[in-house]
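Okay, structure first, notes after.
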Amino acid sequence: MTATRAEYCVIACAEAWRGAGEILASPMGLIPSVGARLARLTFAPDLLLTDGEAMLVRPDGTVEGWLPYRQHLTLVTGGRRHVMMGASQIDRFGNQNISCVGEWARPRRQLLGVRGAPVNTLNNPTSYWIPRHSRRVFVERVDMVCGVGYDHAAGARYHHIPRVVSDLGVFDFATPDRSMRLASLHPGVSVEEVREATGFALTVPDEVPYTRDPSPGELRLIREEIDPENTRAREVDR
């Protein structure tokens, strides 16, 4: 079976929770949500999934437990959650902006606001999902730091940015100065395409692997059980 670009993105998001153990997954967005459920059904059976309010749920949405807000905060502030957030802007050190574009005092565009980004990034692992990779998102310097990057995280015990997933590839911070590196390309994407769509100089290894293929079993789960209505195509229509 041939996988779509959206399905490669699902696989790349799911891999963020490989080997995570019994932690809370908090995916934000359609494709990260499909990825978290796929991880739970395959290689991360101990992963905890939430309905985003007060319940722990199985991949099919049935309730399996209660997660009171106090316990949720205990997981958040103790490093036992891995959230995958979005980003209106992200820079080379993983600083994320979802608050405003332009000068904070008089922004050109008002966005969501800082919300829980500082608590997320300083207290538990935080990855990012960006469905449209462009220079407007991957910027030299974010206009406002909401999610904290590696250059602002000194002393934060649980700060960790495992990966950034976009519709072009997967990125990490496995470099000496903790700046962003191209970790894998989705099939059909070139290094030149990624560089052209990125507003700063990425670290690019001599040989860049492709994002791994989904197995036939994983494709069946995605298409028949987790997302039979193909909502993933709303975020990545390739």
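None of the figures in this text is laboratory data; all of them are computed from the coordinates on show. It should be emphasised that the depicted structure is a prediction, and the values quoted were computed from it without experimental measurement. Counting neighbours? That spans all protein chains shown, and the Cβs are built from the backbone with ideal geometry, glycine included.
Which ones in the range 4-28 are in a loop (DSSP other than H, G, I, E, B) and either surrounded by fewer than 19 Cβ atoms within 10 Å (Cβ to Cβ) or among the β-branched types (Val, Ile, Thr) (or both)? Those that are in a loop (DSSP other than H, G, I, E, B) and either surrounded by fewer than 19 Cβ atoms within 10 Å (Cβ to Cβ) or among the β-branched types (Val, Ile, Thr) (or both): Thr4, Arg18, Gly19, Gly21, Glu22, Ile23, Met28.
Residue-level check: of (1) over 26 Å from Arg115 (Cβ atoms); (2) surrounded by fewer than 21 Cβ atoms within 10 Å (Cβ to Cβ); (3) of a type in the set (Ser, Thr, Tyr), Thr211 misses just (2). Scanning the range 51-75 for residues that are over 20 Å from the mean Cα position of the chain (by Cα), of a type in the set (Gly, Ala, Ser) and part of a loop (DSSP other than H, G, I, E, B) yields Ala54, Gly61. Inclusion of Arg163 among residues that are among the basic types (Lys, Arg) and on the phi < 0 side of the Ramachandran plot is warranted.
Restricting attention to the range 195-238, the residues that are aliphatic (A, V, I, L, M) and within 19 Å of Arg37 (Cα to Cα) add up to 6. Of the residues Leu24, Leu48, Leu41, the single one that is closer than 28 Å to Pro216 by Cα and more than 18 Å from the chain's Cα centre (by Cα) is Leu41.
Just one residue in the set Arg157, Arg115, Arg132, Arg81 is charged (D, E, K, R), surrounded by 21 or more Cβ atoms within 10 Å (Cβ to Cβ) and either touching a Pro at 6+ places or on another chain (Cβ under 6 Å) or closer than 23 Å to Ala16 by Cα (or both); that residue is Arg81. Tally time: how many residues in the range 188-204 are touching a residue at least 12 places away in the same chain (Cβ under 8 Å) and surrounded by 12 or more Cβ atoms within 10 Å (Cβ to Cβ)? Residues in the range 188-204 being touching a residue at least 12 places away in the same chain (Cβ under 8 Å) and surrounded by 12 or more Cβ atoms within 10 Å (Cβ to Cβ): 11 in total. Quick one: which residue in Glu192, Glu207, Glu218, Glu225 is assigned to a loop (DSSP other than H, G, I, E, B), of a type outside the set (Phe, Trp, Tyr) and more than 18 Å from the chain's Cα centre (by Cα)? That would be Glu207, the only listed residue that is assigned to a loop (DSSP other than H, G, I, E, B), of a type outside the set (Phe, Trp, Tyr) and more than 18 Å from the chain's Cα centre (by Cα).
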